[in-house]
Amino acid sequence: MQPKDPSRRAFFRSSGSILSGTWLAYQLPAILALSELACKAQLESAPLKALNNVEAFELEAIAAQIFPSDETPGAREAGIIHFIDQAILNVMEKSDEELLRQGVVDLQTSVGDMYPTVGRFSALSNERQIEYLRSIENTSFFNLMRTLTLTGMFVHPKYGGNRDKIGWKHLGFDDKHTWQPPFGYYDEQYLKEGGDAK
Amino acid sequence: MGRQFNSREEVDFVIVGSGAAGGVMARELSQAGYDVVVLEQGPYLQASDFGHDELETFFNLEWMGGIDNEFPQTYRLSESEEAVLVGAGLPVLIYARMVGGSSVHFTGNYWRFHPIDFTERSLLGEIPNTGFDDWPITYDDLEPYYTKVDWEIGVSGIPGPFDPPRSRPFPVPPLPVKSSGVLMDKGARALGLHSQPAPMAILSEAYQNRPGCVNCGFCLAFGCEVSAKSSTLATMIPQAEATGRCEIRSESTVVRLDTGENGQVKEVMYLDKNGVEHAQKAKAFVICANGAETARLLLHSESSRHPNGLANSSGKVGKYLMFNTQIPTMGLFEHPLNEYKGVQVTRIIHDYYNADLSRGFYGGGGLDARFQPGSPLWFALQGLPADAPRWGKEHKRILEEYYTHTMSVAAHGTSLPLESNTISLDPTHEDKWGRPAIRVTYNDHPDDLSNLKFLQDMSVDVLEAAGAKHVWTFPIAPTTVGAHLLGTCRMGNDPDKSVIDRFHRTHDVRNLFIADGSSLVTSGRGQPTMTIQALAFRAAEHISGFAARNEL
């Protein structure tokens, strides 16, 4: 793992850009600049280094709602919280780190107000968690968590997320470097019907 | 490893830039027997440096040569506005700082221009308030060099029904068709259109000591790990070095061209990676730095003899910037396509290549079958319909269903040359070397967007006719991102209206030549690299001739 390098601090590329280019039809989203981060995928039991326990519980619960575990594994199994921890530790812009930490504080305050006997988001029932997140789904805090969660799900596993390639398996993406046709159903049918391989 | 020259010795040619055009120029001039130094601002990467790390390569912009905030760009819609610094995310101008330039990460669509692209002004008449013009050369002038690109660079394909005449077949056959290509065939047939195998600068089989494509799927924005993609890094650059007369001097950023008493360029000033200034003398200079950097360099080379910038007595340097228009449309199908495998594009439709003013606007273009956004993270973040759930159980389910079952039809169209669309020097912001930032002023001609909408509608029709279960589009908006940097030092016979002559020599400076996207008079239909390289081959032949006849 490498220390924070100031030239690599473009951690979150602003989504508030003026651009809406049609070349890519849309802007590249806010995203992580993790290229100098050579951390290994974290074991489930490995201690977190940037997040305290409360933050970890709350943020992991949010990630688990964004990409839930159901019949197939989700954000918890993919190690998203370790991915976020590594990101904070290594490359995240201070302003985004503060947005995350303050987000947890605000979350606890408002959940505490709404459900005084529970106090914590992560201790709410599944339905109440979803209901609450719907009420904040347009906030910058939630959007940051969404981008972090999806990035952690589908990024190369070397960054600490996508553990056991859970995210890629979910998509049906197989990361082999060599393929031979047929690639899919329609080109296979085409070849079967005597189409030219080209 | 090529030869190394002492920067104090005068070489025959300095070439600025090592991309699609500069790589061709380097090989052609060195093979013709001249000593050549190529100055490239980015690093010298090798195929072994490339991989599939989407975060690092794509999102972190390693495909463009790394951190962009060291080289800020500013943008405005029109001259009346103050340009603003482009924030994080994609820059306005997309190009790569590395040996091989943007040919390293391109998708490899190698459409030739058609004869009409060179004479459309005469055919269609004037378009008011634009710089729409004929080229000083014709398709026939360029055809031998298109063929040279096919055979020297390595282009896969087979002629299609709307293709312009060619003097030789393709050197290698088309790449294996993907499901997206088969579905484009089906949609086109149902609509009475003509889908054809795409000409691609990616080898379908071994050719010239390079292997055929292994269908890994990581072309768009990625360097090729096996050198099947016909970048100049994989083709021209090593051949130039092998002559023993060419030095590729990477991490060398040219900041100024200095002229002597006779008005000729005497030397280029450049900075090494530590910011230390050096000079390189040469008999002649060829600028191949792309349609943004070339214009910036000339403007930044102003002097008492050239108060408006070098080679700019016409005032046209930096003007007529053209980006082309592009937009993908997405379609979901019943069975898996697995579009993440294989090259991006295997089929194209050129039925709407020609402009037809009876549509109510000028413009033409083409469609291609591809998968964009296609890499896993990019698709997860931006591939789904705007009205799809953004998180939760249903979002998770949709990602699983859609990723392997989706393709896109991308539309590519014309951009009219407008004098008000420009590259200029920003008066406020500087890059890390203290140069003025590149300022982009760009606003599509209304016809450009009407044409794009027309092509987008065609894309929807093709997907629906192919049997898509669900088709979704992205909003058409003003073009604020350009990967095709065209027109800013346009070619022409009239020194008052153009920057270079038909042989790529600047009208003003005898030993200064330009060959890259900036030379284009019109934008073509959305795939300019083939033409940029044909121009470079042709320019190199003329420049060699001038040198041989002592006419530099």
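The values are calculated or read from the model by the stated rules, or taken from the named source; none is laboratory data. The model shown is predicted, which means the values in this text are computed figures rather than measured ones. Cβ sites come from the backbone with ideal geometry, for glycine too, and all protein chains shown count toward neighbours. Ligands, DNA and RNA are stripped out before the accessible areas are found, and what is left, the full protein with its side chains, is counted by its heavy atoms. Shrake-Rupley method; radii C 1.70, N 1.55, O 1.52, S 1.80 Å.
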Note to self: Charges on Cβ only, +1 for Lys and Arg, -1 for Asp and Glu, centred on the Cα centroid of chain B; of B:ILE327, B:GLN73, B:SER167, which one is farthest towards the dipole's positive end?
What the structure shows: B:SER167
Margin query: I'd like the distance separating the alpha-carbon centroids of segment B:189-207 and segment B:108-142, in whole Å.
Written below: 24
Notebook entry, point to check: For chain B, what are the DSSP H helices with axial Cα length of 24 Å or more and mean Kyte-Doolittle hydropathy of at least 0.0?
Noted result: B:529-548
Checklist line | Built amide H within the under 5 Å cut-off of B:GLY482, gap 5+ | finding: B:LEU93, B:ILE94
Next item on the list: Would you calculate the separation in nanometres between label points at A:SER140 and A:ARG120, each defined as 7 Å from the Cα along the Cα-to-beta-carbon direction?
Entry: 2.8
Next item on the list: Post the alpha-carbon centroid distance, segment B:479-552 to segment B:368-426, in whole angstrom.
Entry: 33
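Heavy-atom accessible area per residue, chain B, 1.4 Å probe: how many Å²?
Ligands and nucleic acids excluded, the result is 31 Å² per residue.
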Margin query: Suppose each label sits 7 Å from its Cα in the direction of the beta carbon; what would the B:ASP356-A:ASP175 distance come out to in nanometres?
Written below: 4.8
Next item on the list: Would you please give the FRET efficiency between B:ALA386 and B:SER303, computed as 1/(1 + (r/R0)^6) with r the Cβ-Cβ distance and R0 = 60 Å, to the nearest 0.05?
Entry: 0.70
Check: Under the Karplus relation 6.51 cos²θ - 1.76 cosθ + 1.60, θ = phi - 60°, what is the ordered set of whole-Hz ³J(HN,Hα) values for segment A:140-146, x standing for Gly and Pro?
Finding: 5, 4, 5, 5, 4, 5, 5
Check: Label B:ARG168 and B:GLU334 with points 7 Å out from Cα along Cα→Cβ: what is the distance between them in nm?
Finding: 4.6
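Compactness ratio of the protein assembly as shown: Cα Rg over 2.2 N^0.38 Å, N = residue count?
That ratio works out to 0.96.
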Notebook entry, point to check: Total Å² of accessible surface buried at the A-B contact, 1.4 Å probe, nearest 100?
Noted result: 6600
Checklist line | Minimum 50 Å² accessible area buried by the other protein chains, segment B:149-190 residues, probe 1.4 Å, relative to alone | finding: B:PRO176, B:VAL177, B:VAL182
Item checked: Placed amide H near B:ASP35: partners under 5 Å, 5+ positions off or other chain -> B:ASP12, B:PHE13
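Using 0.36 nm per residue of separation minus the Cα-Cα distance, give me the extension gain between B:LYS393 and B:TRP433 in nm, one decimal. Intermediate values should be presented prior to the final figure.
On the way: separation 40, 0.36 × 40 = 14.40 nm, distance 4.94 nm.
Full extension from B:LYS393 to B:TRP433 adds 9.5 nm.
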Note to self: Multiplying the sequence separation of B:SER78 and B:TYR44 by 0.36 nm and subtracting their Cα-Cα distance, what value in nm do you get?
What the structure shows: 8.6 nm
Notebook entry, point to check: From Cα coordinates alone, what are the radius of gyration and Dmax values for chain B in angstrom?
Noted result: 22.3, 73
Note to self: Along the charge dipole of the protein assembly as shown, pointing to its positive end and built from +1/-1 on Cβ of Lys, Arg, Asp and Glu, which listed residue (B:THR406, A:ALA123, B:SER7) has its Cα farthest out?
What the structure shows: B:SER7
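Taking only DSSP H segments of four or more residues, each worth -39500 (n - 2.57), what value at 222 nm results for the protein assembly as shown once the sum is divided by all its residues, to the nearest 500 deg cm²/dmol?
Details: 18 runs with 207 residues, N = 750.
Theoretical 222 nm ellipticity from helices: -8500 deg cm²/dmol.
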Notebook entry, point to check: Within the accessible area of chain B, what % is carbon and sulfur when the probe is 1.4 Å and the other protein chains stay in place?
Noted result: 47
Next item on the list: Could you run the Karplus curve 6.51 cos²θ - 1.76 cosθ + 1.60 with θ = phi - 60° over segment A:47-56 and give me ³J(HN,Hα) per residue in whole Hz, x for Gly and Pro?
Entry: x, 7, 10, 9, 9, 7, 4, 5, 4, 4
Notebook entry, point to check: Of the cross-linked pairs B:LYS178/B:LYS229; B:LYS148/B:LYS497; A:LYS165/B:LYS229; B:LYS186/B:LYS469; A:LYS176/B:LYS469, which ones have a Cα-Cα span greater than 19 Å in the structure shown?
Noted result: B:LYS148/B:LYS497; A:LYS165/B:LYS229; A:LYS176/B:LYS469
Margin query: Report the Cα centroid-to-centroid distance between segment A:55-80 and segment B:236-253 in angstrom, as an integer.
Written below: 51
